[in-house]
Amino acid sequence: MKEQSTNSMCVSCDTRFNKSGARCGTVCPVCRGTVREVLTGVINNHNVSHIEDEIADNGINLTYEGAMDEHKLGCDDEDCQEMEHQDWRDEYESDGDAMLIGDWKRDSDGDYEPDVNGSLGYSALVRESVSQVVWSRTIVKVKSMCSPCYPGQADLDSGTDGMIPCYAFPNDMMEEN
């Protein structure tokens, strides 16, 4: 997965700037407030509506794809190759797969990156108990940063009446805390 280009936002007037606009730490040209980077938002999966449906309908299983690529590199069984590795697929098991949901596309190197023109309006990485919203048309301001487990990322579970701008799931996916 590729890092998304950084956007910024004024914490006073909510004016948004793309990477060619106002830089983080500068003064907002609209209201003279402070411009801050929009961070990845992290949220407990229990606070996201319909996340299981999103995974089942549109999820990209990064763990499976990585394991399959590794299997193919080491596979010298002609029968397995002829059957497109079906036996391996049938036996594949994993605990805690990492899933991509939302709008994603592959770049020229084959890495996934957020598709900012996608129809869903967000790109997220879903782990066993939390999701990281790495890009979204929905930006909120939260109260606190995450624990050291997610350095430099904002805590969507801390409340949305703070001063730290971060990406969030669309409103129809966010449960009331």
task: Take the residues in segment 108-128 that are modelled with pLDDT under 90 and of a type in the set (Asp, Glu), then tell me which one is nearest to GLU52 (Cα to Cα).
output: GLU128
query: For the subset of segment 129-177 comprising residues that are among the charged types (D, E, K, R) and touching a helix residue (DSSP H, G or I) at 6+ places or on another chain (Cβ under 8 Å), which member is farthest from GLU54 (Cα to Cα)?
result: LYS143
- request: Report yes if some residue within segment 5-16 is under 16 Å from the mean Cα position of the chain (by Cα), closer than 24 Å to ASP172 by Cβ and at pLDDT 70 or above; otherwise report no.
  value: yes
Options CYS146, CYS166; residue that is out of contact with any Pro (no Cβ under 6 Å at 6 or more places or on another chain), within 13 Å of ASN44 (Cβ to Cβ) and modelled with pLDDT of 90 or more: CYS146
Residue list for segment 18-39, restricted to those being under 23 Å from VAL116 (Cβ atoms), modelled with pLDDT of 75 or more and of a type in the set (A, V, I, L, M, F, W, C): CYS28, VAL30, VAL35, VAL38, LEU39
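Would you call SER136 in the same structural domain as MET163 (by TED's automatic domain parsing), among the hydroxyl-bearing types (Ser, Thr, Tyr) and surrounded by fewer than 20 Cβ atoms within 10 Å (Cβ to Cβ)?
No, not satisfied.
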- line: By my count, strands (runs of 3 or more DSSP E) wholly in segment 105-172 with at least 1 residues that are basic (Lys, Arg) and touching a Gly at 6+ places or on another chain (Cβ under 9 Å) are 138-142
query: Restricting attention to segment 39-50, and to residues there that are among the aliphatic types (A, V, I, L, M) and either surrounded by fewer than 21 Cβ atoms within 10 Å (Cβ to Cβ) or within 13 Å of the chain's Cα centre (by Cα) (or both), which single residue is farthest from ASP157 (Cα to Cα)?
result: LEU39
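The values are calculated or read from the model by the stated rules, or taken from the named source; none is laboratory data. In this text the structure is predicted, and so the values were computed from the model without any measurement. Using ideal geometry, Cβ is built from the backbone for each residue, glycine included, and neighbour counts are taken over all protein chains shown.
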